[in-house]
Amino acid sequence: MPELPEVETIRRQLEPDLLGQRIERLEVLDERWTRPVDPGEVERAVDGKRIERLDRRGKYFLVGLEDDFVLVMHLRMTGNLLLVDAGTPDAAYLRARFVLEDGRQLWFVDARRFGEGAVLDAAEVEQRFRGRLGVEPLSDVFTAGELGRITAGRSAPLKSFLLNQAGIAGVGNIYADEALFRARLHPLSPAGSMRAEHHAALRDAVVASLCAGIDGGGASIDDYRDARGGRGTMQDEFLVHAREGQPCVRCGEPIRRIVVAGRSTYYCPRCQVRLRRRRRTGL
DNA sequence: CTTTTTCCCTGGACGC
DNA sequence: TGCGTCCAGGGAAAAA
């Protein structure tokens with residue numbers, strides 16, 4: 001599933017090819033892709049615009065167009081962004097096609113149709129993300145202290161907290177498991193139960209997990225492919241995710257699978273300590 | 001306010 | 001072979 005490392009991998013691959021190019025036209029092939037906005041409206045907003053920037057915010061892919069417009073896309077579960085040569089036969093599940101100045105096409109392919117695309121102006125992007133997307137984990141704003149602030153008083157399990165994009169933006173099911181394992185924290189521990197040493201450990205673990213994902217070019221478990229249709233290698237380097245029953249890489253204990261926040265959650269029952277809910281210590 | 005649950009969507013796995 | 005059922009999960013919305 002595309003999470004921050006997967007989206008970042010695609011962004012880095014596309015940047016040299018797309019920057020400065022004009023989008024001749026956009027063809028929305030599945031009207032649900034722009035829901036609730038009319039596809040024609042999005043097509044008209046994109047047609048003929050030059051690409052000035054390629055950015056990422058959490059798991060959102062942002063294409064900065066001229067005149068301060070931003071094409072915002074989200075791959076959700078099964079979305080893929082593919083850069084293909086002219087004349088390539090249409091793939092199954094092709095939802096949107098960008099015909100580029102140089103003849104190549106950028107495809108949004110998405111079997112389950114959760115993915116979406118929209119065109120907003122810069123102010124609307126801010127508006128849309130406000131309160132919904134938290135700190136960028138790979139920015140220098142993401143410190144142990146910041147993590148302490150955003151988890152203070154929270155009773156939700158650490159796994160739920162990591163999946164909540166309003167806290168840290170870009171961590172999904174895979175990298176949440178990996179980060180908790182690295183930090184030796186139990187997925188069911190209340191987020192607010194962490195002490196300073198845990199804040200530091202989890203901050204470092206989130207960063208390390210995401211960087212490992214980017215270094216591996218993302219994790220191709222099911223549908224994820226990079227912008228050239230290639231596979232990442234991160235799925236071969238998982239420490240706990242999807243390793244139910246296999247020995248913990250640290251202690252040999254069989255990895256356990258539970259469901260937290262409706263998501264499969266993998267952890268080592270011996271390495272990852274469960275913290276008790278912390279009562280407010282008298283100041 | 002915070003937290004949990006439901007919903008969207010469809011390919012693939014599994015059982016009969 | 002084919003049909004029915006269940007699962008996967010990001011994020012928004014509804015419910016608790």
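Between A:Asp140 and A:Thr88, the FRET efficiency from the beta-carbon distance, with R0 = 41 Å, is close to 0.50. Enter the angle in degrees (range 0 to 90, nearest 10) between the Cα long axis of helix A:173-182 and the first principal axis of the Cα atoms of chain A, meaning the one along which they spread out most. Taking the Cα atoms of chain A, the angle to A:173-182 is about 40 degrees.
Among A:Thr88, A:Thr78, A:Thr34, the largest mean-square fluctuation in a Gaussian network model of chain A (Cα springs under 10 Å) belongs to A:Thr88.
Taking chain A as a Gaussian network of alpha-carbon nodes connected by springs under 10 Å, the highest mean-square fluctuation of the residues A:Ala179, A:Ala123, A:Ala144 belongs to A:Ala123. PRE reach from A:Asp121 (point 7 Å along Cα→Cβ): which of the range A:12-46 fall under 18 Å by backbone N? Label zone hits: A:41-46. In chain A, the calculated helix contribution to ellipticity at 222 nm averages -8000 deg cm²/dmol per residue, counting -39,500 (n - 2.57) for every DSSP H run with n ≥ 4. For chain A, the share of DSSP beta bridges that are antiparallel, to the nearest 5, is 95%.
For chain A, the longest principal axis of the alpha carbon atoms and the long axis of helix A:196-215 meet at an angle near 40°.
Here the range A:42-80 and the range A:213-249 have alpha carbon centers that stand 26 Å from each other. Computed from Cα atoms, the angle from the helix A:4-18 axis to the main principal axis of chain A rounds to 30 degrees. Across A:Ser155, A:Ser139, A:Ser193, mean-square fluctuation computed from a Gaussian network of chain A (C-alpha pairs under 10 Å connected) peaks at A:Ser139. In sequence order, the range A:266-276 has phi-based couplings of 10, 7, 9, x, 8, 6, 9, 7, 8, 8, 7 Hz under the Karplus curve 6.51 cos²θ - 1.76 cosθ + 1.60, θ = phi - 60°, and Gly or Pro positions carry x. Residue by residue, the range A:97-113 carries 3J(HN,Hα) couplings of 10, 9, 8, 9, 3, 7, x, 6, 10, 9, 9, 9, 10, 7, 4, 8, 6 Hz when phi is fed to the Karplus relation 6.51 cos²θ - 1.76 cosθ + 1.60 (θ = phi - 60°); x denotes Gly or Pro. Among A:Ile10, A:Ile255, the ranking by other beta carbons within 10 Å of each residue's beta carbon, starting with the fewest, stands as A:Ile255, A:Ile10.
Distances between placed amide hydrogens fall under 5 Å for A:Val260 paired with A:Thr265, all partners being 5 or more residues away or on another chain. When you filter the trypsin sites (Lys or Arg not before Pro) in the range A:8-89 for DSSP loop state and at most 15 other Cβ atoms inside 10 Å of their Cβ, you are left with A:Arg76.
Along the range A:56-61 the Karplus relation, 6.51 cos²θ - 1.76 cosθ + 1.60 evaluated at θ = phi - 60°, assigns HN-Hα couplings of 9, 9, x, 9, 8, 9 Hz to successive residues, with x for each Gly and Pro.
Values quoted throughout were computed directly from the atomic coordinates according to the rules given, and no laboratory measurement underlies them. Because the structure is predicted, anything quoted here is derived from the model rather than measured. Glycine gets a Cβ as well: all are built from the backbone with ideal geometry, and neighbour counts include every protein chain shown.
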